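Undergrad: A single structure is presented below for examination.
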Amino acid sequence: MVPSGSSFLNDQEPEVTSSKYFVIVGQFQKQLICLGLLKRRQKMENQSAVSEVFLVGFPGLPQDMHSLLSTAMFLVYIFSLTANGSVICLVTLNASLHQPMYLLIANLTTSGLLFDTVTLPKLIARFWFGSSSINFNVCLFQMFLVHSLGSLDSFLLMEMAIDRYVAISQPLRYSLIITNKRLVVICVMTWIVLAPSTNAVIAMQTSEVVLYCPSSPKNINTLFCTQTTVTALACRDATNPRKFAFVCAMVVLLLPLGVILLSYFLILLEIFTSFRSENWQKAFYTCATHLLVVTLYYMPRIFTYIVTNIPSIIIIKPDINALLLFSFSNVPHMANPIIYFLRTKEIRQTLTKSLQRIKYRVGKMSIF
């Protein structure tokens, strides 16, 4: 039986009304989403991206001290450039120095030279020419390089300690255990993977909490861009990036330091138990000089990280903090060539021969 026309229309009317209702609701939801996105976009536009920051250097430093301090930093940079560059050239050009220990020293001095080049020229320009502004993206890149090269130094010092332990405890098997090929692979992995991996994440997290903030003067109250000073500019909660960076820093510092201390403890036991009297002093002196570099690198760095991230322990003035930063960041790069390189007899002989050859060639050219 076919339904009548009026009955059929009455049956379909609820379905039409229901479909119109869902269409209207869907359009309303789309309008709400678009309105939310529009408000979010307007909010992001009102908070313009940070374009540049300003490097303070030493906060609270009197104006009349700027010339003296900047000249001292310039001399430090020239000395670091000359000493570390000489080490790199000597190891690279002399086949007799293509040994694991000297290759590690060359890597360490290269890291120090790059670190000083990344940080000191901009700092000197800030005092000499008043060039204190730095692009925010450049600041982030400098922060990434500073922490990556610092991590690299920590891993290289650990590898040097392991190398010395194998050389002293297994002298007959040393050339089989530590080969140049293995060492090159380890150094490449340290440069490419170990050092920059976590610091790339730290840089991205830091940029997220600082990039979009109300426009106002952004001062870096220290010598160069670091994670601590950059996150201090954040207008949002930066607790998680700070915690992540602190944990990574403690792992990068304390794990290699533990391996280093264990290695030198075993070395000292080996020295006292099996070495003859004439070799004892030489081995002990070598370990003592290496431990001096380790102390210069780790102790101020660990102290500063803990105090900066846990202010309830002790509060350090910004100018003292900047001085500590300079002491553990740049001073060891001057000491490394002297402690590790020039105090080694074979290195002194190689350097003397190189200087004599240069002097002979210069004299020969002056005759003609």
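Undergrad: Let me check something: with ligands and nucleic acids excluded, how do Arg236, Arg164, Arg242 order by accessible area (1.4 Å probe), largest to smallest?
TA: Largest to smallest exposure gives the sequence Arg236, Arg242, Arg164.
Undergrad: Now a separate question. So for Trp128, Trp191, what's the accessible-area order with a 1.4 Å probe, most first?
TA: Accessible-area ranking of Trp128, Trp191, largest first: Trp128, Trp191.
Undergrad: Report the local net charge at Thr228: Lys and Arg +1, Asp and Glu -1, summed over other residues whose C-beta lies under 14 Å from its C-beta.
TA: +3
Undergrad: Could you report the range 59-144's accessible area per residue, 1.4 Å probe, as an integer in Å²? Let's see the in-between values first.
TA: Working: 3860 Å² over 86 residues.
Dividing the accessible area of the range 59-144 by its residue count gives 45 Å².
Undergrad: What FRET efficiency comes out for the pair Glu346/Val188, r = Cβ-Cβ distance, R0 = 35 Å, nearest 0.05?
TA: Taking R0 as 35 Å, the efficiency between Glu346 and Val188 is 0.85.
Undergrad: Here is a follow-up. State the extension gain, in nm to one decimal, for the chain segment bounded by Glu270 and Phe303, taking 0.36 nm per residue of separation less the distance between their alpha-carbons.
TA: Between Glu270 and Phe303, full extension yields 8.8 nm more.
Undergrad: In a shell of Cβ-Cβ distance under 15 Å around Tyr174, excluding Tyr174 itself, what net charge do Lys and Arg (+1) and Asp and Glu (-1) give?
TA: On the way: positive: Arg164, Arg173, Lys181, Arg182; negative: Glu159, Asp163, Glu270.
Charge balance in the 15 Å sphere: +1.
Undergrad: So what does Phe284 come to for accessible area, using a 1.4 Å probe and Å² rounded to 10?
TA: Approximately 80 Å² of Phe284 is accessible to the 1.4 Å probe.
Undergrad: Assign one of three labels to the range 108-159, namely rounded, prolate or oblate, based on the Cα gyration tensor with a ≥ b ≥ c the square roots of its eigenvalues; rounded applies when a/c is under 1.5, prolate when it is not and a/b is larger than b/c, and oblate otherwise.
TA: Oblate, because a/c is 1.5 or more while a/b does not exceed b/c.
Undergrad: Using a cut-off of under 19 Å, list every residue of the range 242-256 whose amide N is near the label point 7 Å from the Cα of Leu114 along the Cα-to-beta-carbon line.
TA: Only 249, 252-253 fall inside the zone, counting backbone N under 19 Å.
Undergrad: Quick query: amide H of Lys218 versus all other amide H atoms, modeled in the peptide plane; which residues come in under 5 Å with a sequence gap of 5 or more or a different chain?
TA: For Lys218, whose amide H was placed from the backbone, the distant partners under 5 Å are Phe54.
Undergrad: Net charge within 11 Å of Leu253 by Cβ-Cβ distance, Lys/Arg positive one each and Asp/Glu negative one each, not counting Leu253 itself?
TA: Neighbour charge sum, excluding Leu253 itself: 0.
The values are calculated or read from the model by the stated rules, or taken from the named source; none is laboratory data. The structure presented is a predicted model; accordingly, all values stated were derived computationally and were not measured. Because the Cβ atoms are built from the backbone with ideal geometry, glycine has one as well, and the counts that use them run over all protein chains shown. The accessibility values were calculated without ligands, DNA or RNA, using every heavy atom of the protein model including side chains. Shrake-Rupley method; radii C 1.70, N 1.55, O 1.52, S 1.80 Å.
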